[in-house]
Every structure is written in C-alpha cells, then in structure tokens.
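A quick write-up on the structure given underneath.
The values are calculated or read from the model by the stated rules, or taken from the named source; none is laboratory data. Since the structure is predicted, the reported quantities are computational estimates derived from the model, not experimental observations. Ideal geometry is used to build each Cβ from the backbone, glycine not excepted, and the neighbour counts take in all protein chains shown.
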Amino acid sequence: MIRFEDVWLTYRHAAGASAPVAEALRGVSFEIPEGGFRWLTGPSGAGKTSLMKLIYLAEHPTHGRIDLFGTHAARISRHNAALLRRRIGVVYQDFRLLPQLNAYDNVALPMRLARRSEAQIHANVSEILRWVGLEAKLAARPDELSGGEQQRIAIARAVVARPKLLVADEPTGNLDDDQAERLMLLITALNKLGTTVVVATHNLHLVARYPAPRLGLEAGRLVYDG
Amino acid sequence: MMAEGPRRAGDFLGLRAALADRLLPVLVAAMSFLAALALAGTLASAELAAQWQGDAAAALTIQVPQPQATTASGQDTRLDAVLAVLRANPAVADTHQLSQAEMTRLLSPWLGADVTTLGLPLPAVITARWVRPADPAALAQTLRQLSPGTLVQSGAIWAGRVAALTASLQACAAAVLIIVALVAAAVVAVATRAGLAQRRETITIVHGLGALDSDIAGRFAARATLLTFSGAAIGTLLALPVLAWLALLATPFAGPGARHAMFILPAALWLALPALPAAAAAIGWSTTQLTVRRWLKGLP
C-alpha cells in the first residue's frame, strides 16, 4: 500500500536565508501493508508533517522512491495524482477548512469533487456529522465554530468518502478526552473495514491506549519501525 | 436546513469575491465599445468604398478639341469619328455628348452664365460608362489617332486610389481590433492572477482533496466568461447611440435611397455587433483557462 525507499526531502530556502537548504527527511524507508495502522511519532521538527505530505502527494521527494496503491508516485500523471488524492483522506493539523463554506459543504466537498450524487452526499454527510456530534451545526461557517468543532469537521471531511488511506496529523490535538475517544473509535472502525491508517501524534497516552506498530522519526531519520 | 448546503457550494472557490463583478466588466465594456466603433468603421468604409469604386470606376469622360474639324481621312468631323468609335466599342455604353445647355451649366461657375459669348474654343465633351473591363490607354490611343489632342479620363484611376485608401482604413481598423483583443486578454489574465493569489490557500486545499486542474480552471473560466460577456454586452449597447449619431452624419453620403440614418449602417454590422460579447467571452474563457492551468503547474 505505502512503500518508502531511501526517501529524502530537502526544502530550499529563499536567497538570503541563514541556511540555504533544510533536510526534512533523510533516507527514510518503510512499508505499510494495505489495511495496516501506523502511529507516527517524534518530537517537533522531526519530519512527521513532511512525511505525511509525501504520503498525500503534497510534496515530491528530492530523492528516493515512493509507491502508493502499488504505483510509483513519481510516474503518476497530474490527472491520476488528483484521482489518487480522492482515495486519501487527510486530517490536517491546522484543519484547512474553506472559510466561505458552511460545515455541511466543507464535509461534502470531497464527494462533490468526485461527482457523487447529491443523494449519496446527503446520506454520507448527515451520517458522519452525526458521528462527530455536529449535526446541529451544519450551517455554521468555520469562523462560527470552536477549535475542537473545526477539528471534528476536518475529520468528518477526511472520512466522508470512505477513503482507502487515512492520514491524520495530530487529529486529537484540539479535542477533549471524550471526543478523542470517539475519534479513535471511528478511526479503528475504518481501519477494521480495510482503510490503511497513518496517525501522527505527540500523545503517547493515546499510542499506549490503542496499541499498533509505530514509526519513530528524529531529525528526519526513521529511528523506530515496529 | 440541508438545502442550504448545495446552494452555497456552487462557488466553493469563493470566486464571486476573488473575480469581482466591477473592475473586469467595466474594462471589458470599454474595450468592446472601442471594438464596436472599429468594427463599424471597417464595415462601413468597405461598403462605401465598394459603392464609390463602382460609380467612379465606370465613369468615362472624353474631351474632343476642335470637334468640327475633319479627320485625316477627310470623311467625318473629329466629333463624329470619336462618337462612332465609342458607340462601336462593346465595353462602352451610354455614350452622350453634352449639349450646349449642359456645357453652359458645367462651366458657368468659372466662366459665367453665357459661355458662348466669350468665343472660347471649347472642346466637345462626351460622357460614357464602362460596362466591362477594358484598357483606357488603348481607347485613348485609338481616339487620338482620329482626333489629335483628344483626352480620355477614366474613373478607374480614382477607383484604384479609393481602393488603396479603403484598404489602409481597414488595416487600421483591423489593427485596432487586434490591439483591443490583446488588451482584453491581458486585463483578464491580470484579474485572474489576482484572483488566484487571493484564493491561493483555498485552491491548495481543494487541489489536495483531489480537484482536477480542469475542475479549478473550469470554475475560474466560467466566472471570467460571465463577467467578460456581460461587460462586452454593456459596451456594445453603449456604442449603439454613438453609431446612430455617426450614421446620421454619414446620411448625406449614402445617396438618395437612405431614408433612415440607421439603415445606412452595413447589414454585416448588425450580425457582427452581437458577436462581440461572444468573442469577448471566448477571449475571457481561453485566457483564464491558460492562466489558471499554468499557475496550477506550480502545485505538486
């Protein structure tokens, strides 16, 4: 499902910056089978978000090879890369909701982009909004929601189209214990239904509570896989 | 409650704010106004030129000095000999010798009311009309052999000059149309780039959710098409009163058949004017598609 082979990611800074390049990832290799679950842990700046971006095709590696869904990512056309992204649900650390859309439309967006029928969209969106406990706030815009509510909308958007791969960057960061518990139940339920899951977190209690293989990053290197 | 979702989602890129409905339509309206005038100038000058060329090219005037003198053969007067040649020529029709009264009327502005009392050696003047292409120089040479000093003035020379002038005017008008189209495309490109910059974050998110380049470019292009079409329609409508005024000024040149000023505008103009908004929309659509797709290449 996901295979990294000696992957490097280097960011080039603008001229005049103190360091011209920053190596976010250094020779990272691992494999996650279809239907697998991996925690991604490491201190801030270890490269977790960079690794996630490579998985959901928001960055290209500077060196190395990434296979997604059995396809060499570097050889995917722009059109097919877009179609591939539709099979990946992403929960961003900063939510990344569209401010001009209400909660319902934010959640419905991936399905609209995939040109699903409005009836199917309505059914899926209603169900997932109920799951995250925001069925009463479907008409609210992001700026009318709390941080936790925005995060739940972002989670709902990531899973509404039943993705084959779910990538979540600190998904419980703004949630209380109850909501975090509900979210993990949802994620594990999706995983049991066959969705491959990668969750980046600082929360080691959460990792301990839901035991699963872990990828550990430090200074851009993979220091733990198991 | 649920019905609210789909209605708002139509503009998920927020393009109503990013490609505002003020500046772009106003600029396109100004461009279309100019284009309408240039178009009218092109078509009207072509039509007037065709009319003038037809009239002038066919005109033929012959002056026969010493018309009552005999020809070299001594059988006819020079005038009769020239008239005989003209009437026998199949390319020439409506041969008419100006009468004394017509000569007097023709010359009176310069020589006074009674030309005959001056005793001037006036030539005989013959008017005729070309009915098929012919060589005026060859005719002049034939007539001069019969009647030395005979002058042949053909309108073909003037027709050539009018054609050259018309072609120049049309080239200028075409250049104006091309420049207007290029400026319109530049205006649309600048507005689109501003919209892209304003919606960068939204586009990045939508791109990450799996939007195709064609989805994003198509939404921008649809908005730009609407704005350019409406702007061009307004500009074209605003040009109509100006065209009517110009047509009114041109009425005296249009001949006795023109009853109403607007009727002297070329028929082709009434087909071309409604095409202006469509052309502007096509420029808006294609420019936006190119601009957005090029910009999207910067995303992974």
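Here are a few things to note about the model shown:
- Test for residue A:104: is it aromatic (Phe, Trp, Tyr), touching a helix residue (DSSP H, G or I) at 6+ places or on another chain (Cβ under 9 Å) and closer than 22 Å to residue A:197 by Cβ: no
- Every condition in (1) more than 14 Å from chain A (Cβ to nearest Cβ); (2) buried (at least 18 other Cβ atoms within 10 Å of the Cβ); (3) modelled with pLDDT under 90 holds for residue B:62 except the one numbered (3).
- All positions within region A:176-226 that are among the acidic types (Asp, Glu) and free of Cβ contacts under 8 Å to residues at least 24 places away in the same chain: A:177, A:178, A:181
- Check on residue B:48, assigned to a helix (DSSP H, G or I), surrounded by 18 or more Cβ atoms within 10 Å (Cβ to Cβ) and modelled with pLDDT of 80 or more: no
- Only one of the listed residues (A:57, A:97) is among the aliphatic types (A, V, I, L, M) and either away from chain B (no Cβ under 12 Å) or under 20 Å from residue A:195 (Cβ atoms) (or both). That residue is A:57.
- Subset of region B:127-137 (residues that are part of a strand (DSSP E or B) and either touching a Cys at 6+ places or on another chain (Cβ under 8 Å) or not β-branched (Val, Ile, Thr) (or both)): B:128, B:129, B:130
- Answer residue from region A:127-172, given it is in a helix (DSSP H, G or I) and within 10 Å of another protein chain (Cβ to nearest Cβ) and is farthest from residue A:90 (Cα to Cα) among those: A:136
- The residues listed here are A:125, A:159; of these, the one that is among the aliphatic types (A, V, I, L, M) and either on the phi > 0 side of the Ramachandran plot or over 12 Å from the mean Cα position of the chain (by Cα) (or both) is A:125.
- Within the set A:124, A:106, the sole residue that is closer than 27 Å to residue A:151 by Cβ, more than 12 Å from chain B (Cβ to nearest Cβ) and buried (at least 20 other Cβ atoms within 10 Å of the Cβ) turns out to be A:124.
- Filter result for residue A:93 (surrounded by 15 or more Cβ atoms within 10 Å (Cβ to Cβ), modelled with pLDDT under 95 and farther than 24 Å from residue B:17 by Cα): yes
- Total residues in region B:194-221, condition away from chain A (no Cβ under 14 Å) and surrounded by 15 or more Cβ atoms within 10 Å (Cβ to Cβ): 4
- Annotation for region B:119-126: no member residue is surrounded by fewer than 18 Cβ atoms within 10 Å (Cβ to Cβ) and not in a loop (DSSP other than H, G, I, E, B).
- Given (1) part of a loop (DSSP other than H, G, I, E, B); (2) away from chain B (no Cβ under 14 Å), index of the condition residue A:179 fails: (1)
- Some residue of region B:75-85 being outside any helix (DSSP H, G or I), more than 30 Å from residue B:44 (Cα to Cα) and modelled with pLDDT of 90 or more: yes
- Once region B:10-41 is narrowed to residues that are more than 14 Å from chain A (Cβ to nearest Cβ) and without any contact (Cβ under 8 Å) to a residue 60 or more places away in the chain, the residue that is farthest from residue A:104 (Cα to Cα) is B:22.
- Among residues of region A:73-86 that are more than 7 Å from chain B (Cβ to nearest Cβ) and without any contact (Cβ under 8 Å) to a residue 40 or more places away in the chain, those with a Cβ under 7 angstrom from a residue that is in a helix (DSSP H, G or I) and not charged (D, E, K, R), sequence gap 6+ or separate chain, pair up as A:76/A:84.
- Any hit, region A:112-121, residues being within 11 Å of chain B (Cβ to nearest Cβ), touching a Gly at 6+ places or on another chain (Cβ under 8 Å) and not β-branched (Val, Ile, Thr): yes
- Qualifying residue in region A:46-60 (condition: surrounded by 21 or more Cβ atoms within 10 Å (Cβ to Cβ) and in a strand (DSSP E or B)): no
- Every residue from region B:42-70 that is touching a residue at least 24 places away in the same chain (Cβ under 8 Å) and either within 12 Å of the chain's Cα centre (by Cα) or closer than 15 Å to residue B:240 by Cα (or both): B:42, B:43, B:44, B:45, B:46, B:47, B:48, B:49
- Residue list for region A:83-114, filter: hydrophobic (A, V, I, L, M, F, W, C) and not in a loop (DSSP other than H, G, I, E, B): A:83, A:84, A:88, A:90, A:91, A:103, A:107, A:108, A:109, A:111, A:113
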